[in-house]
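One structure below.
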Amino acid sequence: MKLKKPIFAATLAALAAVPVSAAAAPPYAIETLETWVGAPNGNQLYVRLVRPVPALCPGQRFPALVAIPGGTGAGAPLADNPGYRNLAGSGFVVVVFNAEGRGSGLPGNLRSEGTENCNGYAHQDDLKAIVEYTASLPNVDPANIGVETASFGIAIGAGALGRYPSLRVAYLLDQEGPHDNLVITFYDAGRETAVCGHLSTVTDPSAENAAFWAEREAFRYIGTYPGRYLRMQAEVDHAQNPGYFRHAIEMINAATRSAFGGAGAACWTRMNGSDIGNPIDAIYPLDDPSQYLAWVSGRLSDHPGLNLTYAREMSALVAGGGTGCAKVSLLAGKTLLVRDDAANPARRKIVFVSRDPMVLPPDRGAAGDPTSVGGALELLNPATGEAASFSLAAENWRGLGAPAGSGGYRYSDPWLSRGPCKRVELREGKLKARCRGSQISFTLDEESQGSLGVRPTAGGSEYCMLFGGTIVKDTRGLFEAREAPQPASCPGVPQGAQLFTARPR
């Protein structure tokens with residue numbers, strides 16, 4: 001079947017994926033699909049997926065891995081790699097794509113629109129579009145999406161995730177990525193080479209050359225990525241001289257939070273996987289090799305498939321909640337109405353609705369089941385710091401569906417005996433609440449609010465919305481807003497907390 005490129009850009013939700021092959025692999029039969037995804041600049045990107053056949057596992061969601069190749073090569077052929085196909089067979093959706101201007105034009109490697117960008121902003125924006133597309137797939141768990149990069153692919157990975165920290169990427173797996181122009185051009189290795197027509201800034205210190213590299217130096221962006229970051233580094237680097245570790249050390253130190261001596265926002269960092277035994281959230285002194293921790297022995301090529309072992313490890317860590325990462329999901333908000341009447345507090349009201357695939361209620365019987373541990377609703381003004389929190393008692397929650405909890409959860413208190421919230425409903429893809437009365441302690445006595453944050457908690461799962469968006473009314477006593485986008489950060493959540501809640505399994 002010949003896949004035709006659409007003449008006009010389609011929305012992500014409307015893009016059709018066309019099956020082109022299928023094969024059996026335990027425990028899931030898998031299929032390979034190809035499609036086109038619109039980049040932010042309108043160019044069409046050629047994408048291939050390898051995934052469990054949805055018809056054989058209806059309603060099931062899987063973790064996803066978006067793989068970025070090394071150098072400036074095409075990514076789509078990775079769909080034919082046996083390792084990635086086995087990963088899909090074990091229960092992953094593997095997504096690969098050709099960045100703008102890449103692809104040979106042959107079957108399985110069609111050329112994406114646009115021009116070669118050498119892993120700069122345009123290619124980073126391509127990854128943004130691919131992650132958003134992946135999160136929209138009905139068989140993908142949008143809370144468990146990872147990005148894996150090889151070598152210079154880290155420029156795309158760190159660039160996209162650092163420039164767009166609210167992207168739904170739970171972890172970044174970096175295989176020996178060169179982090180600045182000296183490493184990218186092999187200047188440090190003593191054999192400088194022009195990459196995409198550019199030498200290092202030492203050889204060419206011009207403003208134009210410095211600006212070119214500023215887009216592509218991963219160390220500049222990794223510090224604002226809030227998820228989990230795993231750096232893979234062997235004793236002998238795949239491209240640098242033996243014993244060279246500056247790129248690895250500076251990336252880990254830039255990603256790790258300041259509480260652990262680093263300069264970044266990652267909620268979790270580690271040099272190599274659990275098999276190596278290095279501690280979590282550790283930094284390395286660049287000038288003291290005696291304090292270095294452990295590297296992968298030999299070269300990474302001596303350990304085929306280690307990257308996929310680590311991808312499974314990271315995905316399992318996300319699914320289990322992990323250590324050091326708060327469970328907060330950033331949500332787009334549909335509507336929010338807050339009313340305050342100073343003369344009659346009984347007329348106070350809070351009503352909100354979110355429709356977002358990141359609304360993932362906990363599984364029944366899980367540790368985060370609200371029928372066991374209850375919940376809360378917090379309303380806050382990020383500008384003034386005013387906040388009010390209302391308890392949602394466990395006794396008032398009940399599981400929906402059969403068996404109970406399979407369809408989500410509902411909180412009901414029609415007589416407002418336990419607080420101001422009359423009803424809260426938490427279903428997959430939808431969260432809404434209605435609260436009223438004098439038990440609401442939040443006031444709107446300012447001339448305007450600007451924006452309001454809403455943080456519902458249901459058991460061990462937390463959600464966050466920031467209503468600016470389209471403000472319908474913002475006056476003393478009334479705030480009404482619609483269509484609030486997913487926020488870049490959550491008011492009241494420490495910077496560097498994990499912002500993408502894994503669906504309990």
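The values are calculated or read from the model by the stated rules, or taken from the named source; none is laboratory data. None of the values given here were measured: they were computed from a predicted structure. Counting neighbours? That spans all protein chains shown, and the Cβs are built from the backbone with ideal geometry, glycine included. Calculation scope for accessible area: heavy atoms of the full protein, side chains included, ligands and nucleic acids excluded. Shrake-Rupley method; radii C 1.70, N 1.55, O 1.52, S 1.80 Å.
Remark: the LEU199-HIS238 segment gains 12.0 nm on full extension, using 0.36 nm per residue and subtracting the alpha carbon distance.
Which percent, nearest 5, of DSSP beta bridges in the chain are antiparallel? If you can, show how the numbers build up before the last one.
Details: 73 of 102 bridges.
Counting DSSP beta bridges with both partners in the chain, the antiparallel share is about 70 percent.
Among the listed values [x] 69, 68, 41; [y] 76, 53, 45; [z] 105, 42, 37, the one matching Cα extents along the principal axes in Å as calculated from this structure is [y]. Helix-only arithmetic for the chain: the sum of -39500 (n - 2.57) across DSSP H runs with n ≥ 4, divided by the residue total, places the mean residue ellipticity at 222 nm at -4000 deg cm²/dmol.
Computed from backbone phi, the HN-Hα couplings of the stretch 344-350 come to 9, x, 5, 8, 5, 8, 9 Hz, rounded to whole numbers (Karplus: 6.51 cos²θ - 1.76 cosθ + 1.60, θ = phi - 60°; Gly and Pro given as x). ARG220 sits among other residues whose Cβ lies under 10 Å from its own Cβ, and their net charge, with Lys and Arg +1 and Asp and Glu -1, is -1.
Considering the options CYS435, LEU306, THR72, tell which one lies farthest towards the positive end of the dipole of the chain, charges being +1 on Lys and Arg and -1 on Asp and Glu at the Cβ, about the Cα centre. Among CYS435, LEU306, THR72, the one farthest towards the positive end of the dipole of the chain is CYS435. 3J(HN,Hα) couplings calculated from phi for the stretch 216-228 with the Karplus curve 6.51 cos²θ - 1.76 cosθ + 1.60 (θ = phi - 60°) are, in sequence order, 10, 9, 4, 5, 6, 10, 4, x, 9, 7, x, x, 8 Hz; Gly and Pro show x. With the highest mean first, a sort of the peptides 446-453, 308-315 on other beta-carbon atoms found within 10 angstrom per residue produces 308-315, 446-453. Once all protein chains are placed together, LYS473 keeps about 90 Å² accessible to a 1.4 angstrom probe.
Between GLU132 and ALA387, what FRET efficiency comes out of the Förster formula 1/(1 + (r/R0)^6) with R0 = 35 Å and r the beta carbon distance, rounded to 0.05? Mind dumping the intermediate values first?
Values: r = 31 Å, r/R0 = 0.88.
Once the sixth-power term is evaluated, E becomes 0.70.
Applying 1/(1 + (r/R0)^6) with r as the Cβ-Cβ distance of ARG191 and SER166 and R0 = 35 angstrom yields a FRET efficiency of 0.30. Rounded to the nearest whole Hz, the Karplus-based 3J(HN,Hα) values (6.51 cos²θ - 1.76 cosθ + 1.60, θ = phi - 60°) of the stretch 441-449 follow the sequence 8, 7, 10, 10, 8, 7, 5, 7, 9, with x at glycine and proline. Give me, ordered by chain and number, the residues 5 or more places off LEU65 or on other chains with an amide H under 5 Å from its own placed amide H. Long-range HN contacts for LEU65: VAL93, VAL94, VAL95, GLY146. The amide H of GLY114, built 1.01 Å from its N in the peptide plane, has GLY101 as neighbours under 5 Å, considering only residues 5 or more places off or on other chains. Using heavy atoms of the protein chains and a probe of 1.4 Å, the accessible area assigned to PHE352 is about 0 Å². Total lysine pairs in the chain at Cα distances under 25 Å, for residues eight or more apart or on different chains: 21.
Once label points are set 7 Å from the Cα along Cα→Cβ at both SER206 and LEU416, what is their separation, rounded to one decimal in nm? Between SER206 and LEU416, the label points sit 7.0 nm apart.
The H on the amide N of GLY264, modeled in the peptide plane, is under 5 Å from the matching H of THR256, ARG257, SER258, each at least 5 residues off or on a different chain.
Residues in the stretch 253-274 near a label at HIS303, defined as backbone nitrogen under 12 Å from the 7 Å Cα→Cβ point? Inside the label zone: 271-274. Treating r as the C-beta distance of SER438 and ALA214 and R0 as 51 Å, the FRET efficiency rounds to 0.40. For ASN344, project a label point 7 Å along Cα to C-beta. Then give me every residue of the stretch 432-466 with its amide nitrogen under 13 Å of that point. What the label zone holds, given the 13 Å backbone N cut-off, is 437-438.
Considering only the stretch 167-284, what is the antiparallel percent among its DSSP beta bridges, to the nearest 5?
Numbers: 1 of 12 bridges.
Roughly 10 percent of the DSSP beta bridges within the stretch 167-284 come out antiparallel.
Think of a 1.4 Å ball rolled over the protein heavy atoms: the chain then has 39 Å² of accessible area per residue.
Note down the net charge around ALA394, summing +1 for each Lys or Arg and -1 for each Asp or Glu among other residues with Cβ under 11 Å from its Cβ.
Values: positive: ARG398, ARG418; negative: ASP369, GLU395.
So the environment of ALA394 carries a net charge of 0.
Put a dot 7 Å past the Cα of LEU293, heading toward its Cβ, do the same for LEU106, and the two dots end up 4.2 nm apart.
The stretch 384-453 and the stretch 153-220 have their alpha-carbon centroids 46 Å apart.
Placing +1 on the Cβ of every Lys and Arg and -1 on the Cβ of every Asp and Glu, with no other charges, gives the chain a dipole of roughly 2220 debye about its Cα centre. Using a probe radius of 1.4 angstrom, the carbon and sulfur fraction of the accessible surface of the chain is 53%. In this view, the solvent-accessible surface of ASP275, computed with a 1.4 Å probe and all protein chains in place, comes to about 100 Å².
Diagonalising the gyration tensor over the Cα atoms of the stretch 240-373 and scaling each eigenvalue by 5 before taking the square root yields semi-axes of 44, 20, 13 Å, largest first.
Could you work out how much longer the chain between LEU286 and ALA263 gets when fully extended? Use 0.36 nm per residue separation minus the Cα distance between them, nm to one decimal.
Numbers: separation 23, 0.36 × 23 = 8.28 nm, distance 1.43 nm.
Between LEU286 and ALA263, full extension yields 6.8 nm more.
Counting Lys and Arg as +1 and Asp and Glu as -1 over every other residue whose Cβ lies under 15 Å from the Cβ of SER151, the net charge comes to -4.
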